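Just so you know, all these numbers are worked out from the coordinates, no wet-lab data involved. Computed from a prediction, not measured in an experiment: that's the story for all the values here. Here Cβ is always computed from backbone atoms with ideal geometry, including for glycine, and neighbour counts include all displayed protein chains.
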Amino acid sequence: MREYLKYLKGDRVLWIITLIMLAFSLVSVYSFVPILVKIEGGSPFKYLFKHFIYVLIGFAAMFWIHRKDPKFIAQLSKFGFYLGIGLMLFTFFFGTNVNGAGRWVKIPFVGLTFQSSDFAKLALLIYVARLLEKKKDKLNSWKEGFWPVIFPVIVICGLIVKDNFSTAAILFAISLSVLFVGRVPLIKIFLTIAGGVAALGLVIALHKAAPDLNILPRYETWENRILNKMENDNDVLTNAQSMNAELAIFNGSFLGQGVGDGKLKEYLPEAYADFYYSSFVEEFGLLSAVFLMLLYLIMLYRIIRIGLKSDRLFETYACLGIGILLLSQASVNMLVCTGVFPVTGQNMPLLAMGGSALIMTCVAMGIVQSIAYSQEKKTSKETKEDSLNSLVEE
């Protein structure tokens, strides 16, 4: 193991956790896709091979990025942000509809799809980190400091919200959390929240007043999910997904049913993604679920630790944003599967089947490892200099 880890620079604990999750995702995806085979045809090997290709691409991207200087990543953040806007606008006009949501871009010739919001949300967090570093002495000013930082958040979240409210809401909350750590005045953050709520209320009112315009194509879906959760918990038909997810967790007990032996996963839509946690608990049990949560918490701790060790504010804010983003996605998936949150579309980072989500998560981890590697090189350089100075003094 050490022989291979010497090529992987940065935080070794994060590398080990990431590799374990990527390897385990191959097992779980193969086991959790029976519902997909029923709906779209093919065989489990077809989806396993497809996921394996995504794992290879994700790992290659992570390995390539972790060798880059974080300064290079900071310099590219503005380009990444505008590229994210371009992808979102392209999706808005030419997106492919999957499961009732037009949030996907179909890649020509290969038949694969890419969710542009996966790229846009990471690009936004990196760009906001860069802006907070650049504007650190001007954040009390609305014109010179706050608006240049908050405007990108409004643009990206506004483009995402049409087809994916949960992602837009989570990204908005994470961005404000990073702004809070970046010492943006609280009054400005509270006013931004109030403005966001008011803007959303206005858009909803316009959608209801002029339904023919179809401003929010998925509004009825959001409304039904929330109302069903609040009022119809005992309605088997309207809450079949949530009830099956909870039954799968109950069926898993402490040790689980065993790999491939879960039954309720065959009745869970997207058991391999949005309801990953339910399928996982059914087959691997509550003890494994606790271990999984522990892995995510260790991952968050290591990422924040790397950020806090950095001398650059950009690196600190970038690590903070990435760490909270990964933990938020995992937490929402767990809370949906356990019935705490209404059904929404957040999968498990590094584990669930998915192309763009998996690849962009690996890219995010590559950025964190790039920062960790730069700290490692700096420490090594300082150690050598101290040694040389000691020899000279002697």
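Fully extending the segment from Leu191 to Asp69 would add 40.3 nm, taking 0.36 nm per residue of separation and subtracting the current Cα-Cα distance.
As a footprinting exposure proxy, order Arg312, Arg183, Arg302 by other Cβ within 10 Å, with the fewest listed first.
Numbers: Arg312 16, Arg183 12, Arg302 20.
With the sparsest Cβ surroundings first, the list reads Arg183, Arg312, Arg302.
Over 18 Å between Cα atoms, which of Lys50/Lys121; Lys71/Lys134; Lys309/Lys378 qualify? Over 18 Å Cα-Cα: Lys50/Lys121. Each peptide in 63-73, 196-206, 369-379 receives the mean, over its residues, of other Cβ atoms within 10 Å, and ordering these scores from highest gives 369-379, 63-73, 196-206.
Taking a 29 Å limit on the Cα-Cα distance, which of the listed pairs Lys9/Lys138; Lys46/Lys263; Lys208/Lys263 fall beyond it?
Numbers: Lys9/Lys138 36 Å; Lys46/Lys263 21 Å; Lys208/Lys263 41 Å.
From Lys9/Lys138; Lys46/Lys263; Lys208/Lys263, over 29 Å: Lys9/Lys138; Lys208/Lys263.
Give the calculated FRET efficiency between Ser43 and Arg12 to the nearest 0.05, with a Förster radius of 35 Å applied to their Cβ-Cβ distance. Let's see the in-between values first.
On the way: r = 37 Å, r/R0 = 1.06.
FRET efficiency, Ser43 to Arg12: 0.40.
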